[in-house]
Amino acid sequence: MKTIKLLLLLLLTAGCSTENKQQFASVDPAFVPFLEAFIQDSIEFGHSQAGQNIPINFAPQAELIKARCHKYSYWKGGMKKHSREILVDQDKWNVLNEHGKKTVIYHELGHCLLNREHLDDDIRYNFRYIKSSIMHSLPVGTLNGTSRDELYLYELFNNDQTVWSD
């Protein structure tokens, strides 16, 4: 009976640990240009953690989710380990333009590398309401090739909304 309990415990533990590990170890080539741009922008804003081994790959996501930063914790060799990866829904990715793709990757890297949460404020800027952050839960189109891009990047890397002050 004791052997059966021990075997059952081992099976349950093994099942949990495989669910808590990342699926990929590298970056899909489709995401490399966006990751390289993020690393360059991150360095310009004084962040040294840019590109810290965050795998980015395609994997199906829930209905309304384009991408997600997955954070995992697991035990290995008696030590608690942490890993992160970004999984992107390929069908949703394929319909985005280049600005939308860049915004999605920057948003998810904001979660994974900068530990930013969603910031769903809309602000009045130049007589219209805009999203106050790339970290808005509906960020697509935030980085759209306009002069506001630099302000969004400043806010992302500095977590500072005063950038929008007149």
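Taking the conditions exactly as written (in contact (Cβ under 8 Å) with a residue 24 or more places away in the chain and buried (at least 17 other Cβ atoms within 10 Å of the Cβ)), does residue 71 satisfy them or not?
no
Testing residue 118 on (1) in a helix (DSSP H, G or I); (2) surrounded by fewer than 15 Cβ atoms within 10 Å (Cβ to Cβ), one condition comes back false. Which one is that?
The failed condition is (1).
Could you please tell me which pairs satisfy a Cβ distance under 6 Å, a separation of 6+ or placement on different chains, a first residue in the range 96-107 that is farther than 12 Å from residue 144 by Cβ, and a second residue that is at pLDDT below 95 and of a type outside the set (A, V, I, L, M, F, W, C)?
Filtered contacts from the range 96-107: 104/66; 107/139.
Would you point out the residue of the range 134-166, among those that are in contact with a strand residue (DSSP E or B) (Cβ under 9 Å, 6 or more places away or on another chain) and in a loop (DSSP other than H, G, I, E, B), that is modelled with the highest pLDDT?
The residue in question is 136.
Those residues that are out of contact with any Lys or Arg (no Cβ under 9 Å at 6 or more places or on another chain) and either at pLDDT 95 or above or not β-branched (Val, Ile, Thr) (or both), I need them from the range 6-19; list them, please.
Once the filter is applied, which keeps residues that are out of contact with any Lys or Arg (no Cβ under 9 Å at 6 or more places or on another chain) and either at pLDDT 95 or above or not β-branched (Val, Ile, Thr) (or both), the range 6-19 yields 6, 7, 8, 9, 10, 11, 12, 14, 15, 16, 19.
If the requirement is being surrounded by fewer than 22 Cβ atoms within 10 Å (Cβ to Cβ) and not aromatic (Phe, Trp, Tyr), which of these qualifies: 151, 143?
151
Does residue 86 satisfy being hydrophobic (A, V, I, L, M, F, W, C), at pLDDT 95 or above, in a helix (DSSP H, G or I) and in contact with a helix residue (DSSP H, G or I) (Cβ under 7 Å, 6 or more places away or on another chain)?
For residue 86, the condition - hydrophobic (A, V, I, L, M, F, W, C), at pLDDT 95 or above, in a helix (DSSP H, G or I) and in contact with a helix residue (DSSP H, G or I) (Cβ under 7 Å, 6 or more places away or on another chain) - is not met.
Would you check if there is a residue in the range 41-50 being aliphatic (A, V, I, L, M), in a helix (DSSP H, G or I) and touching a Gly at 6+ places or on another chain (Cβ under 8 Å)?
no
The values are calculated or read from the model by the stated rules, or taken from the named source; none is laboratory data. In this text the structure is predicted, and so the values were computed from the model without any measurement. Glycine gets a Cβ as well: all are built from the backbone with ideal geometry, and neighbour counts include every protein chain shown.
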